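Engineer: The structure follows.
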Amino acid sequence: MTKETVLVIGSCGQLGTELVEALRGIYGDAQVVASDIRKSDNPVFEAGPFEELDVLDEAKLKSLIERYKPSQVYHLAALLSATAEKNPDFGWKLNMEGLFHVLNAARDMGIIKKVYWPSSIAAFGPNTSRFDTPQFGAMDPTTIYGISKLSGELYAQYYFNRWGVDTRSLRYPGLIGYKSAPGGGTTDYAVSIYHDALTTGHHECFLGEGTILPMLYMPDALKATLDIMHAPADQIKIRSSYNLAGMSFGPEEIAASIAKQVPDFSISDHPDYRQAIANSWPAVIDDSRAREDWGWKPDYDLDRMTQDMLENLKPLYS
Ligand code: SER
């Protein structure tokens, strides 16, 4: 086992919780430092070091880096699309200043060798081609979250080109998993629908029928994240952020997939402000560059994910 130390910032969110567990499996419990503004009660955080960190507190961030000397940082702390629309000033501040603090620490301290920072399908906008959305093309995000992601991509690329900071990034679709809850996203319905299937048997969706969005099952998201971070630097040819895709569906299609296993399951819709956000995003992403450059390939389609989600959630409700 390598003795590298890894710091995860924003570790108590939907992705961070599972990523900390996966990283501890690779590097060892003691080598993965989890941090977030406050600790969640998920037992994964008891297995190794946890530090309270508000990434806006640059001095504290630097002192943790001095203390633990992480060679890799995964910086996940952000407000997601729906929450950032409710508080755009803070969404911009957290998403951008947090990233600057991490990038500057990587550039200036001589400790961090690689930085992972997620972008999103939200970096695209209404003038992007919605189907087979290309890696390079029109990007005119209309949400503050999307604007912060597109700006962050360009900053990450700039730090790589100008100062050689080894930045790596993926444009995540909606992430679906059973181990941790999402918070504040436009794609979150695709997680709660599974919980509803096993409890009330009915889901009222905040997105309307026909709202096709790109989605990815968590094991695939973890695989992509670890693969891009572990790939040799010369395979990472895009330093803004890679398109990444798993599957695409609308609410009625995920409902149909669930109904194959939960026969009385039903869905209705009551679209809210998140519908406009979803309408500005791509439906189907072309991720051929990730496939070509570092061998990306997802394992899960919709039905396989549904089966796995339901199987793993059932014990929670029985
Ligand atoms: N899942 C995210 C959101 O809905 C997209 O990156 O905000």
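Each reported figure results from applying straightforward, stated rules to the coordinates on display, with no laboratory input. Predicted, not measured: the structure shown is a model, and the values here were computed from it. With ideal geometry, Cβ positions are generated from the backbone for all residues, glycine too; neighbour counts draw on all protein chains shown.
Engineer: State the extension gain, in nm to one decimal, for the chain segment bounded by A181 and D140, taking 0.36 nm per residue of separation less the distance between their alpha-carbons.
Structural biologist: 11.9 nm
Engineer: For Cα pairs less than 8 Å apart in space and 6+ apart in sequence, what is the mean separation divided by the residue count of the chain, i.e. the relative contact order in percent?
Structural biologist: Value for the chain: 18 percent.
Engineer: Grab every C-alpha pair in the range 70-196, bin the distances at 5 angstrom width from 0 up to the longest one, and report whole percents.
Structural biologist: Calculated P(r), rounded to whole percents: 2, 10, 19, 21, 18, 16, 9, 3, 1, 0.
Engineer: Still on this model: Kirkwood hydrodynamic radius, the range 1-103, all distinct C-alpha pairs: what's the number in Å?
Structural biologist: 13.8 Å
Engineer: Sorting F136, F90, F249, F160 on the 10 Å Cβ count, fewest up front, what's the list?
Structural biologist: Listed from fewest to most nearby Cβ atoms, that is F136, F90, F160, F249.
Engineer: A further question follows. Just the number, please: Stokes-Einstein D of the chain in µm²/s, Kirkwood Rh from C-alpha pairs, 4 °C, 1.567 mPa s.
Structural biologist: 65 µm²/s
Engineer: Taking the chain as a Gaussian network, Cα atoms linked when under 10 Å apart, which of Y159, Y74, Y242 shows the biggest mean-square fluctuation?
Structural biologist: Comparing Y159, Y74, Y242 in the GNM, the peak value goes to Y159.
Engineer: Please identify every one of the trypsin sites (Lys or Arg not before Pro) in the range 1-79 that sits in a loop by DSSP and has no more than 13 other beta carbons within 10 Å of its own beta carbon.
Structural biologist: Passing both the DSSP loop test and the Cβ count: K3, R38.
Engineer: Just subtract the alpha-carbon distance of D234 and E311 from 0.36 nm times their residue separation and send over the number in nm, one decimal.
Structural biologist: Value of the extension gain: 23.7 nm.
Engineer: Starting at 0 and stepping by 5 Å, how many percent of the alpha carbon pairs of the range 245-316 end up in each bin?
Structural biologist: It works out to 3, 12, 17, 19, 18, 17, 10, 4, 1, in whole percents.
Engineer: Cα centroids of the range 70-100 and the range 217-261: how far apart, whole angstrom?
Structural biologist: 21 Å
Engineer: At 37 °C and 0.692 mPa s, grab the translational diffusion coefficient of the range 136-189 from Stokes-Einstein with a Kirkwood Rh over Cα pairs, rounded to a whole number in µm² per second.
Structural biologist: Answer, rounded: 246 µm²/s.
Engineer: Something else: If R0 is 25 Å, what FRET efficiency do you get for Q261 and K297 from their C-beta distance, rounded to 0.05?
Structural biologist: 0.45
Engineer: Once both labels are modelled 7 Å past Cα along the beta-carbon direction, what's the R38-F90 spacing in nm?
Structural biologist: 1.2 nm
Engineer: Taking 7 Å along the Cα-to-C-beta vector as the label spot, tell me the D108-D57 distance in nanometres, rounded to one decimal.
Structural biologist: 1.8 nm
Engineer: Something else: Consider all pairwise Cα distances in the range 108-148 and report the whole-number % of them above 17 Å.
Structural biologist: 44 percent
Engineer: Once the mean 1/r over all distinct Cα pairs of the range 173-318 is inverted, what Kirkwood radius in angstroms do you read off?
Structural biologist: Across the range 173-318, the inverse of the average 1/r is 16.1 Å.
Engineer: Please compute the length gained on full extension between Y158 and E252, using 0.36 nm multiplied by the number of residues separating them and subtracting their Cα-Cα distance.
Structural biologist: That pair, Y158 and E252, stretches by 29.7 nm at full extension.
Engineer: Can you give me the distance in nm between label points at R130 and S151, each placed 7 Å from the Cα along the Cα-to-Cβ direction?
Structural biologist: Simple spin-label model gives 2.8 nm for this pair.
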